């Protein structure tokens, strides 16, 4: 019986005008987007390799350790799945002077965007009249008079509606895959296909969620005209409002101090205040030495040359002066350590609060299926939050290796030329460790997306139960 | 007669479930958006107070623009603190960097609400105007009286436009008045004037989508099909076209990435600085000024190249995107608010000129450095430099769509 209802539902939908329009839109928009994204990926790939070549050429000609750090900063190459999903990879570059204004004004279109906006809208459009529309047509009575259980009708409608929408989506995805795989510059690996399969799974759940939501609202209304109003109202709130408001709401409930303010405070602690403290501590510690060694009398007022001359002449002075220098240094070291500890407390506090705020923002946004799917798709394709911290991790590890290399290399240079300033002479760094970005394995990514996937599933299930209860109480007359 | 029809429409709307839902949604969203964006503005203002350069410091920083509460646009980028040194710019971006979720979703400002939600609402007011009356059988009745089809359409359009525009304007003005009551937010007469332009622009945009709703309603026999067409058309016009247009423009105009540019800058100044050292790593006296000039010359040349390409890209993507009224609306709104692409690129040019002055001062050993000042373009100039075209295009589109709708109604089978 269930399969008959599903079959009837699919048959009905496929012959409908809305299916024709939606299918056409999806089959045009998705491959067109993928075509543009694939070309853009190739462009980014070229840009990335050009930049790498520039850096290598630079290293050959100008490498010297003092300024090397600015040149060889790790950078993220484009990943093959960027032919489908863009995530956080948009190059707005707010921290460089020439930031790109275009993605700020209009965010980039990608598969995630199409699924979260067009698909949810289509899900609603296909289901808003599934119950009340049949009541208006008078067919609901007839169906129930045949002794078909309500649960089966409901399930059949939802499965049928979801399946119908999946047909054009799968066709569009297949066309897109052709476009991607036919491009000789794009090399997808096994994990990329795995990620795509998981995204498709997420899409099915996402679509089912909106089909269930539309059915629930339909089962709460007598007329399809009011059902569509409520459906669109809920859609706007879930898709266009909750995700965008969530970071702002999080900053309201879990405020974090502004980075600029904290940086200014840290600067004050480790510069101005450190100088005052350092002067005082150095004075206190040197005073002890001065008291003990009368030979040092008047040393604070002596010029550097006089001190040098006196050290050469007077051995007792030299010994005492060394102690004096050590006491002075100890004072400054203590001041540095104390102020750095204070600054670190501030920095840690800022990081802790920012983390808490981000966590709350994520938590709040999970209430929106759009955000759930966005996190799922971006994390699976290595263009999301997970990849950002993965990249930071890789960079840190590379930084440590490079630090060791630099120490060893400078040691060698010092040995070869003891008088040279090894920071500022040309260095041969052809064998230095290069930063290599590797994608996080699919299994690890999958673990990361379990939470948004679970939220989507639970929401779908909860809405289904609500739809079922509403439908049980529905008056079919 | 038009007046009577309009009055009937307004009364109809006031009593409908649709009106209740729509006005509730619009009011809640506009108020929330204004509150949230005002808070964001105040946080950035507090940052500015900390960042404000002391007299003689070589830092270019603008206070955040109060109009960014309505149209955030590029204000985040324009209000960055940009330190100027011999080796280039030292940029400190705002407080957003800590919470990555901001980067996922666009800011929910007034322009965002109008662009997405109000356009949808306008379509919902228009989608069933002809087809539903036909389904109900009232279209026959109305037209059997001596009322012309164009008068019927005009009356219906006016009635629906007013039932939408009046509450929208009232809610927006109330929201702005509440924001204005906050002592931390100082709004000048100029700001209020620009806000009035923004509201007027929004009304034109809403009128366009209402006309579109009427047109599709007059082309379809059933209101259900009219709705499906309109929703998908809306998604295409508002989401797909403008977002795809930028990407498509990038295929045509090749611009290096901002990363490539900033890496190149680093390479230029480090290689030039290296020239001030001898082979043994000793400092070469007397060559510093030449190096500074060389760094400045090279990075200005780089910048000019990049700007030329980037300007072409912006122009092309604007032209492509203008097919979508949503893009025209966003361009005009952000330009009027002073947070648009045009203002941002003018500001950058000014900062580069200021940097050149400071580099001259460093070489000439002149202190203190001059302060950086920037004057936003006047409203007249903004309008003359492109916004008027956007507004005219929106108006013309609204009129054309309405005209086609009237023609379609003439051929409509009312039975």
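Derivation of every value follows stated rules applied to the coordinates shown; laboratory data play no part. Note that this is a predicted model, so its numbers are computed, not measured. Please note: Cβ atoms are built from the backbone with ideal geometry, for glycine as well, and neighbour counts cover all protein chains shown.
Quick check: from the Cα gyration tensor, does segment A:259-361 come out rounded (a/c under 1.5), prolate or oblate? Mind showing how you got there, number by number?
Details: a/c = 4.32, a/b = 3.75, b/c = 1.15.
Prolate.
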Query raised in the report: Averaged over A:115-128, how many beta carbons belonging to a partner chain fall within 10 Å of each residue's beta carbon?
Result: 2
Report summary line: The alpha-carbon center of segment B:161-228 and that of segment A:43-74 are separated, in whole Å, by 50
Report task. Give the angle, between 0 and 90 degrees and rounded to the nearest 10, that separates the Cα long axis of helix A:385-416 from the longest principal axis of the Cα atoms of chain A. Result -> 20
Query raised in the report: Normalised by the residues of segment A:259-361, what does the relative contact order come to in percent, with Cα pairs under 8 Å and at least six apart?
Result: 46
Report summary line: From the Cα centre of segment A:275-330 to that of segment A:362-402, the distance in Å is 55
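Sum -39500 (n - 2.57) across every DSSP H segment of at least 4 residues in the protein assembly as shown, then divide by the residue count to get the 222 nm mean residue ellipticity, nearest 500.
Working: 35 runs with 618 residues, N = 892.
It comes out at -23500 deg cm²/dmol, rounded to the nearest 500.
Quick one: order B:348, B:254 by neighbouring beta-carbon count within 10 Å, fewest to most.
Values: B:348 21, B:254 12.
Ranked by crowding around the Cβ, least crowded first: B:254, B:348.
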Report summary line: Computed over chain B: longest principal axis from alpha-carbon atoms vs helix B:258-274 long axis, angle to nearest 10 degrees, is 10
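If contacts are Cα pairs under 8 angstrom and at least 6 residues apart, what is the relative contact order of chain A in percent? It would help to have the intermediate numbers written out before the result.
Working: 504 pairs, mean separation 125.6, N = 477.
Dividing the mean separation by the residue count of chain A yields 26 percent.
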Query raised in the report: Expressed as an acute angle from 0 to 90° and rounded to the nearest 10, what is the orientation of the C-alpha long axis of helix A:224-235 relative to the principal long axis of chain A?
Result: 10
Report task. Output the direction-averaged projected area (hull surface divided by four) of the convex hull of the alpha-carbon atoms of chain B, in nm². Result -> 24.0
